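Student: Mind looking over this structure? Questions follow.
The values are calculated or read from the model by the stated rules, or taken from the named source; none is laboratory data. From a predicted model like this one, the values you see are computed outputs, not experimental measurements. Quick reminder, even Gly has a Cβ in these numbers, built from the backbone with ideal geometry, and neighbours come from all protein chains shown.
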């Protein structure tokens, strides 16, 4: 029942090689230094930013002094460790776009704790046998349309795509569609394109232009990019004014809903602002991301990755900061226990070599030759109503077959869940009452799925799923199941 839809993810190829594109050459040691710098910058922003995460909502922060430090090295946080198992498998298989089945297997084997929001929800869907990209469709996963993971599961794909922003965005959307949809996919394209472009220029306006070009101009995020750049132009020495204007226009739930904390809009604006007010200075950029607030660690990680590429690893490690070369595993199952920041960076370099070669570039002993891409929007914003209708039409027969003739409890439970989400349950309950009752019984056998449906799914999409589930005959379970 799964394969026919999952092919929509696997069948999207990377850009075909186009040798008419302009080429650039970068010394091997320079490119490696920038990749290493980008990862270290991301890691510093992420882990130093945890102290500021969700602390500054109504008002900005007031961090005035800041010295980067990782005295115990880095450790697994979801800003870097969701990509880590993907990177390990890509390196092993030498396949840049892993199949949906492989991605689901990676999650089941490696990613079972230290996850929240959309990631926590989709992991339970995988127990039903639902695989990407369905796990990240807004109709199926109620977090998908606004969750920030479009940004924080993206940096690596920019780092392995130097000078190739379209390729970076295509790889980024491939992996972020596991958890997000809609506006959040525009965020993934923005971040990956900016990082890829930072390998070729130090001009921040050019880097931001790349992020702007990577987004659908109809998206809210595209308007945010324009607004923030205009507000910066009007207030180049007053970041608080830009933060206030951002909050007034794009904080829509009084800071109480997750969209005003973990959503792509405010945090996308914060990342753009940090790059502008950072004025090309690493410390000032990361500190600006802290002070703009909201989900600050993610914004500091994305902006820190851009500045890390610009500054390079040698510069970052020459500043006298207390940084230990270690990447400690605290949350992922069956992954290397001896990883370091340097060895993680080596994996990114290996993937960059593969990616550059597949896109028509090459590497000699001393230099890379890269076919440069112009930034562009490779996935426009979908119309929600049309997408929902198409998804419902695409799955209707398979869902009905799963309810009527599913051979296993998992097949019947999966069909019941999809029927509820796609509003197919009322007809199935009327026309096939006995089979529908059996399918609901199978779904009750997955208590972790029920827990995220009834207790973890956010307003308003979560309310819609809960209302449909209750109307279909699924009672609200007792709370308290450990996820």
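Student: For the list (1) without any contact (Cβ under 8 Å) to a residue 60 or more places away in the chain; (2) more than 28 Å from residue 147 (Cα to Cα); (3) out of contact with any helix residue (DSSP H, G or I) (no Cβ under 6 Å at 6 or more places or on another chain); (4) surrounded by 20 or more Cβ atoms within 10 Å (Cβ to Cβ), I need the number of the one condition that residue 371 fails.
Tutor: (1)
Student: Can you tell me which of (1) out of contact with any helix residue (DSSP H, G or I) (no Cβ under 6 Å at 6 or more places or on another chain); (2) part of a helix (DSSP H, G or I); (3) surrounded by 17 or more Cβ atoms within 10 Å (Cβ to Cβ) is the one residue 345 doesn't meet?
Tutor: (1)
Student: Just checking, does segment 133-141 include any residue being part of a helix (DSSP H, G or I), closer than 20 Å to residue 259 by Cα and touching a residue at least 60 places away in the same chain (Cβ under 8 Å)?
Tutor: No, segment 133-141 contains no residue that is part of a helix (DSSP H, G or I), closer than 20 Å to residue 259 by Cα and touching a residue at least 60 places away in the same chain (Cβ under 8 Å).
Student: Which of the numbered conditions does residue 30 fail, given that it passes all the others? Conditions: (1) at pLDDT 95 or above; (2) within 22 Å of the chain's Cα centre (by Cα); (3) assigned to a helix (DSSP H, G or I).
Tutor: Status for residue 30: all satisfied but (2).
Student: Inside segment 300-330, can you point out the residues that are in a loop (DSSP other than H, G, I, E, B) and crowded, with 19+ Cβ neighbours inside 10 Å?
Tutor: 312
Student: Could you tell me which residue of segment 455-483 is farthest from residue 114 (Cα to Cα), considering only residues that are surrounded by 13 or more Cβ atoms within 10 Å (Cβ to Cβ) and free of Cβ contacts under 8 Å to residues at least 24 places away in the same chain?
Tutor: 470
Student: With respect to residue 183, determine if the residue is crowded, with 24+ Cβ neighbours inside 10 Å and within 20 Å of residue 102 (Cβ to Cβ).
Tutor: Considered against the rule, which asks whether it is crowded, with 24+ Cβ neighbours inside 10 Å and within 20 Å of residue 102 (Cβ to Cβ), residue 183 comes out as no.
Residues are listed down the side, and each one gets a yes or a no for (1) touching a helix residue (DSSP H, G or I) at 6+ places or on another chain (Cβ under 8 Å); (2) within 18 Å of residue 131 (Cα to Cα); (3) surrounded by fewer than 16 Cβ atoms within 10 Å (Cβ to Cβ); (4) outside the structural domain of residue 141 (by TED's automatic domain parsing):
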position	(1), (2), (3), (4)
395	yes, yes, no, yes
402	yes, yes, no, yes
405	no, no, yes, yes
408	no, yes, yes, yes
411	yes, yes, no, yes
414	yes, yes, no, yes
422	yes, yes, no, yes
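Residues checked against (1) over 20 Å from residue 77 (Cα atoms); (2) assigned to a helix (DSSP H, G or I):
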| site | (1), (2) |
| --- | --- |
| 161 | yes, no |
| 167 | yes, yes |
| 175 | no, yes |
| 189 | yes, yes |
| 194 | yes, yes |
| 202 | yes, no |
| 206 | yes, yes |
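Student: Also, I was wondering about something else. If a residue must be assigned to a helix (DSSP H, G or I) and either within 19 Å of the chain's Cα centre (by Cα) or under 17 Å from residue 68 (Cβ atoms) (or both), how many such residues does segment 276-299 contain?
Tutor: Residues meeting the conditions: 14.
Student: Could I ask something else about it? Just to be sure I understand, how many residues within segment 334-361 are free of Cβ contacts under 8 Å to residues at least 12 places away in the same chain and under 17 Å from residue 159 (Cα atoms)?
Tutor: The qualifying residues number 3.
Student: If you don't mind, there's one more thing I want to ask. Quick check: is even one residue across segment 382-391 in contact with a helix residue (DSSP H, G or I) (Cβ under 7 Å, 6 or more places away or on another chain), in contact (Cβ under 8 Å) with a residue 60 or more places away in the chain and assigned to a helix (DSSP H, G or I)?
Tutor: no
Student: Say whether the condition of being within 20 Å of residue 144 (Cβ to Cβ), in a helix (DSSP H, G or I) and under 25 Å from the mean Cα position of the chain (by Cα) is met by at least one residue in segment 466-481.
Tutor: no
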